[in-house]
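One structure below.
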Amino acid sequence: MTGLLTRLNPLVLLAIGLTAALGSPAVRTLPIALAAVTTYVVFVVLTVPSWRYPALCLAVVLLPMASVAWSTWLLGGRDAEVAAVAGLRTFVLAWPGAVAAGYIDVARLGDYLAQSLRVPGRFAAALSAALQRVAGAWRTWHDLERSRRARALPRRPWSMAFALLVHTIRDATRTSIAMDARGFASAGRRTWAEPATWTRSDVSVLVTAVLLALLPTALHLISH
Amino acid sequence: MNSALTSTTRYRTIDLVTIAMLGVAFGVIFWGWGKLYDVIDLGAAVGFKPAAALLAGMWLIAGVVGGLVVRRPGAALATELIAALVSMIVLGGTSWGASVLLSGLVQGLGAELVFAVFLYRRYDLPTAMLSGALAAVFAAFYEWKYYFVDWDLTWRLAHLGFFTVSGLLIAGAGGWLLVRSLARAGALDSFPARRS
Amino acid sequence: MTIAFRDFSWTPVHGSRPVLDRLDLTVAPGERLLLVGPSGSGKSTALHAVAGALGTTLVGEASGSVEVEGRIGMVTQNPSSSIVADRVGRDVAFGPENLGLPRDEIWRRVDEALAAVGLPHDRDRFTSALSGGERHRLALAGALATRPDVLLLDEPTSMLDPVLAEATRDAVLRVVGGRSLVVVEHRFDLWLEHVDRVVVLDAGRVVFDGSVRDFRVAAVPEALWMPGRPVPVPVEVPADLVRPVEPITVSATDLVVDQVTRGLRGTERTRAVRGLTVELHPETLTAFVGPSGAGKSTALLALGGLIRPVSGRVDPPSEIGWCPQDPELGFVATSVRREIEATPHALDRAVDVDALLEAVGLAGRGDDHPYRLSGGEQRRLALAASAAHRPGLLLADEPTVGQDRGTWALVAGWLGSAARHGATVAVATHDPDLPRDRDVLLQAGEAVS
């Protein structure tokens with residue numbers, strides 16, 4: 001438990017989850033499943049700051065694991081081993097990404113998307129601005145709930161979601177006007193106040209993540 | 001100053017910001033829906049799992065709505081993808097990890113493709129339903145490969161069928177009705193969709 | 001000329017009449033202009049025209065021209081809508097980034113702008129942790145960092161308590177220097193001594209344009225908050241519309257309440273109310289007053305049972321009326337009529353919708369969509385809709401903020417009439433003119449008197 005995950009740039013953290021998910025279809029036999037699960041558990045244990053968050057993630061990932069395993073047993077020939085592999089494959093698909101996502105510094109995501117991945121600057125900046133409105137969306141949701149409660153009306157999620165969307169689009173209009181008043185409309189070539197740096201840890205974890213994701217495929221090829 | 005004169009490809013600030021903020025709002029909605037859906041899904045798995053796909057169209061609505069509201073190339077894809085990103089990174093977030101982002105990409109591509117085929121000129125109910133349906137077809141193929149690879153073909157086809165119907169109705173027709181209500185509430189006055 | 005409107009008209013989509021009607025108006029370099037007018041007179045639209053938002057972000061029909069020389073900087077009505085980053089420094093950097101400036105120049109401008117507005121050491125603070133007054137100053141810094149030639153301020157002080165309002169005005173006057181300044185404001189007395197010229201808009205036309213001295217004695221629309229004009233007479237509401245079904249006393253003991261903010265990275269708790277003991281009685285209008293951020297709104301929520309206290313006791317009644325600060329958050333229906341009927345119908349209670357509409361000045365608007373009303377109309381509808389079931393306890397959060405004298409008189413009249421006819425009424429407000437029976441002064445979450 002080195003806490004390395006807390007020092008990685010957002011793209012590397014996204015890559016951990018994406019590579020794990022992309023590599024998961026190669027998990028087709030029990031030995032390969034156990035190998036992949038073990039390596040990811042070791043990798044996560046070595047890099048997280050504490051066991052609590054990965055454990056929480058495991059708790060939520062158990063639901064889709066159970067659902068996939070059981071349905072595979074029921075609808076895929078009632079073979080216990082195939083079902084178990086399907087459950088473990090879902091673990092590889094979901095768990096590493098769920099853990100890594102918890103450490104993403106959302107505020108820096110736009111910087112990295114624009115500077116490292118060359119995503120168009122105005123789009124990356126709009127995304128950054130929107131991402132820090134999540135707290136506002138929750139607050140609006142609570143206010144909608146309160147006013148319905150006060151008015152003795154049913155709190156239908158559908159009607160509240162609609163009101164949230166109306167509020168969101170109006171807020172987007174106000175935000176656009178404010179952003180354009182600060183030169184956003186004509187920002188052809190934006191610069192960025194903070195650099196998107198890649199440390200040695202970023203690079204080595206990225207390489208490790210790719211290797212871990214390739215492991216099931218490699219084992220599969222060797223065993224044939 | 002007439003919006004009919006502005007091109008269909010150039011993004012105004014409000015287009016970019018609305019896509020991003022709609023994506024965030026849908027991400028929060030998806031996050032809440034996901035907590036409920038996990039339980040429904042598990043319940044369905046005990047009974048008849050492919051039927052759970054009947055509700056899965058909900059996951060596709062962000063792309064259809066983004067495409068119908070903003071009406072620019074890439075709007076549907078970007079809205080769905082951002083919604084997926086947000087529902088993934090809300091703390092204690094998703095039970096599906098980064099797979100959510102892949103789903104969002106695939107679903108967004110499906111929805112986008114229909115708008116593209118109509119050259120970003122048609123935004124009526126049939127187009128919306130096709131968009132939802134194709135997003136569902138793409139999503140179903142993704143899930144075959146990544147989730148349900150060992151299911152017998154019959155069940156996979158059932159899953160595809162249920163998913164497509166759900167995409168057609170919930171994401172397509174539902175998304176279209178949602179956009180119409182938004183327009184009636186005056187929320188879309190800055191968009192061509194105000195006339196819908 | 002820095003700004004020149006020439007015969008400029010603007011009709012928004014779905015608008016039935018022009019919001020700006022053949023407007024002719026110029027602003028000279030370095031001139032400080034106060035722009036006033038009743039609700040819906042076109043003040044904000046005029047600023048949007050200068051900022052280049054008409055025809056791009058906002059769609060409609062335009063004729064004539066608006067010319068602007070130099071760069072504009074604008075502070076919008078709700079500063080929270082202009083925040084684009086999670087840290088103060090990055091938020092101010094947004095403008096310089098758009099200008100494509102090199103990194104060291106960006107940060108030089110950020111520091112310069114933050115120092116100018118009096119937030120010198122706050123680069124790394126979270127924008128979500130800023131108070132209302134600080135948000136205004138942040139928005140001002142964000143505008144300054146682009147080194148604008150014109151500053152446009154849309155109601156920069158309307159949401160602030162009097163002390164903060166003056167501090168914000170002083171911050172503006174410190175930084176404005178030789179730039180042109182256009183300020184839009186409802187309660188504008190604190191600007192009068194500091195501007196060169198006043199323009200009054202009414203229904204999209206200029207009805208007065210002259211010096212401050214001439215303005216003070218000019219015949220201007222009745223709805224304007226002219227200094228020295230007596231407070232408007234609250235409009236009485238018939239007793240049958242507001243008399244509570246059942247009078248209620250609400251008491252709270254040692255109430256401690258947290259505001260919980262939920263973000264991407266988990267939840268944050270801040271203590272908003274620390275040990276409030278208060279008793280609210282029928283036939284009494286209680287005003288919770290105190291500086292912005294003192295916990296007034298949270299106290300109201302807790303008294304109405306809409307937020308669960310951390311500790312302490314409160315026995316909220318089962319039926320309440322709650323009018324939120326943002327009226328749109330309370331709307332549930334697609335027509336004004338159904339909006340008002342919603343709660344009485346849910347409680348199986350008769351309601352005279354037409355009389356209610358009449359009482360809030362919305363007669364004949366029953367079929368309109370609530371979201372499509374103007375700001376002042378929404379405020380009045382929200383009040384009528386939240387109180388249509390004649391609750392014993394009526395709570396309103398900043399009910400008069402940013403309203404012209406017409407809406408003010410209707411809102412103040414409703415609250416006063418409800419109290420007089422037996423309701424227990426409480427408001428959170430920093431409006432010293434709102435008639436009330438009793439003040440509860442909150443400071444940092446505690447009642448100090």
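The condition (being within 14 Å of chain A (Cβ to nearest Cβ) and either free of Cβ contacts under 8 Å to residues at least 24 places away in the same chain or open to solvent by 20 Å² or more (accessible area, probe 1.4 Å) (or both)) is satisfied by just one residue among C:THR277, C:THR298, C:THR284, C:THR267: C:THR267.
Checked against the criterion of being basic (Lys, Arg), touching a Phe, Trp or Tyr at 6+ places or on another chain (Cβ under 7 Å) and either open to solvent by less than 20 Å² (accessible area, probe 1.4 Å) or within 14 Å of chain A (Cβ to nearest Cβ) (or both), the stretch C:319-342 contains not a single residue that satisfies it.
Quick check on the stretch C:134-148. Is at least one of its residues in contact with a Ser or Thr (Cβ under 9 Å, 6 or more places away or on another chain) and open to solvent by 40 Å² or more (accessible area, probe 1.4 Å)? Checked against the condition, which is being in contact with a Ser or Thr (Cβ under 9 Å, 6 or more places away or on another chain) and open to solvent by 40 Å² or more (accessible area, probe 1.4 Å), the stretch C:134-148 yields at least one hit. Within the stretch C:153-190, the set of residues being assigned to a loop (DSSP other than H, G, I, E, B), free of Cβ contacts under 8 Å to residues at least 60 places away in the same chain and in contact with a helix residue (DSSP H, G or I) (Cβ under 9 Å, 6 or more places away or on another chain) comprises C:THR157, C:ARG187. Within the set B:LEU102, B:LEU160, B:LEU113, B:LEU177, the sole residue that is over 11 Å from the mean Cα position of the chain (by Cα) and closer than 30 Å to C:VAL336 by Cβ turns out to be B:LEU177.
On the basis of being facing chain A (nearest Cβ under 10 Å) and crowded, with 24+ Cβ neighbours inside 10 Å, does B:PHE26 make the cut? Answer is yes for this residue. Residues in the stretch A:116-166 that are free of Cβ contacts under 8 Å to residues at least 12 places away in the same chain, open to solvent by 20 Å² or more (accessible area, probe 1.4 Å), facing another protein chain (nearest Cβ under 7 Å) and in a loop (DSSP other than H, G, I, E, B): A:ALA152, A:LEU153. The residue of the stretch C:321-338 that is nearest to the chain's Cα centre (by Cα), among those that are outside any loop (DSSP other than H, G, I, E, B) and closer than 25 Å to C:THR429 by Cα, is C:PRO327. Would you check if there is a residue in the stretch C:65-86 being at negative phi, surrounded by fewer than 24 Cβ atoms within 10 Å (Cβ to Cβ), of a type in the set (A, V, I, L, M) and away from chain B (no Cβ under 14 Å)? Checked the stretch C:65-86: at least one residue is at negative phi, surrounded by fewer than 24 Cβ atoms within 10 Å (Cβ to Cβ), of a type in the set (A, V, I, L, M) and away from chain B (no Cβ under 14 Å).
Residues in the stretch B:34-53 that are more than 7 Å from chain A (Cβ to nearest Cβ) and surrounded by 18 or more Cβ atoms within 10 Å (Cβ to Cβ): B:GLY34, B:TYR37, B:ALA44, B:PRO50, B:ALA52, B:ALA53.
For the stretch A:67-82, the criterion of being modelled with pLDDT of 95 or more, open to solvent by less than 10 Å² (accessible area, probe 1.4 Å) and facing chain B (nearest Cβ under 7 Å) is met by no residue. Residues in the stretch C:343-378 that are open to solvent by 10 Å² or more (accessible area, probe 1.4 Å), closer than 20 Å to B:LEU182 by Cα, within 9 Å of another protein chain (Cβ to nearest Cβ) and assigned to a helix (DSSP H, G or I): C:TYR371, C:ARG372. Taking the numbered list (1) surrounded by fewer than 24 Cβ atoms within 10 Å (Cβ to Cβ); (2) farther than 30 Å from C:ARG405 by Cβ in turn, C:PHE94 passes all entries but (1).
Of the set (1) closer than 22 Å to A:SER176 by Cβ; (2) surrounded by 23 or more Cβ atoms within 10 Å (Cβ to Cβ), all apply to C:VAL117 but (1). Of everything listed in (1) over 18 Å from B:PHE26 (Cα atoms); (2) open to solvent by 20 Å² or more (accessible area, probe 1.4 Å); (3) at the interface with chain C (Cβ under 7 Å from one of its Cβ atoms), the single unmet condition for A:GLU194 is (3). Scanning the stretch C:246-264 for residues that are surrounded by 18 or more Cβ atoms within 10 Å (Cβ to Cβ) and without any contact (Cβ under 8 Å) to a residue 24 or more places away in the chain, we see that the one that is farthest from C:ALA423 (Cα to Cα) is C:LEU264. Annotation: A:VAL92 fulfils all but one of (1) facing chain B (nearest Cβ under 8 Å); (2) under 26 Å from A:LEU211 (Cα atoms); the unmet one is (1). Could you go through the stretch A:46-64 and let me know if any residue there is open to solvent by 50 Å² or more (accessible area, probe 1.4 Å), assigned by TED's automatic domain parsing to the domain that holds A:LEU215 and closer than 19 Å to A:PRO31 by Cβ. No, the stretch A:46-64 contains no residue that is open to solvent by 50 Å² or more (accessible area, probe 1.4 Å), assigned by TED's automatic domain parsing to the domain that holds A:LEU215 and closer than 19 Å to A:PRO31 by Cβ.
Picking from residues in the stretch C:19-49 that are in a helix (DSSP H, G or I) and open to solvent by less than 10 Å² (accessible area, probe 1.4 Å), the one that is nearest to the other protein chains (Cβ to nearest Cβ) is C:LEU47.
Going by the structure shown, is C:VAL198 over 28 Å from A:ALA187 (Cα atoms) and not in a helix (DSSP H, G or I)? Yes, satisfied. Checking each residue in the stretch B:169-180 for being aliphatic (A, V, I, L, M) and open to solvent by less than 60 Å² (accessible area, probe 1.4 Å) picks out B:ILE170, B:ALA171, B:ALA173, B:LEU178, B:VAL179. Looking only at residues of the stretch A:1-22 that are open to solvent by less than 50 Å² (accessible area, probe 1.4 Å) and more than 11 Å from chain B (Cβ to nearest Cβ), we find that the one that is farthest from A:VAL207 (Cα to Cα) is A:GLY3. Among the residues of the stretch C:410-440, just one is assigned to a helix (DSSP H, G or I), open to solvent by 10 Å² or more (accessible area, probe 1.4 Å) and within 24 Å of C:GLY37 (Cα to Cα), namely C:LEU410. Considering the conditions (1) closer than 30 Å to C:VAL50 by Cβ; (2) surrounded by 14 or more Cβ atoms within 10 Å (Cβ to Cβ), A:GLY188 is excluded by exactly one of them, (2).
The values are calculated or read from the model by the stated rules, or taken from the named source; none is laboratory data. Everything numeric here is computed off the predicted structure, so don't read it as measured data. Positions of Cβ are backbone-derived with ideal geometry, glycine not excepted, and every protein chain shown enters the neighbour counts. Areas reflect the complete protein model, heavy atoms only, side chains present, ligands, DNA and RNA absent. Shrake-Rupley method; radii C 1.70, N 1.55, O 1.52, S 1.80 Å.
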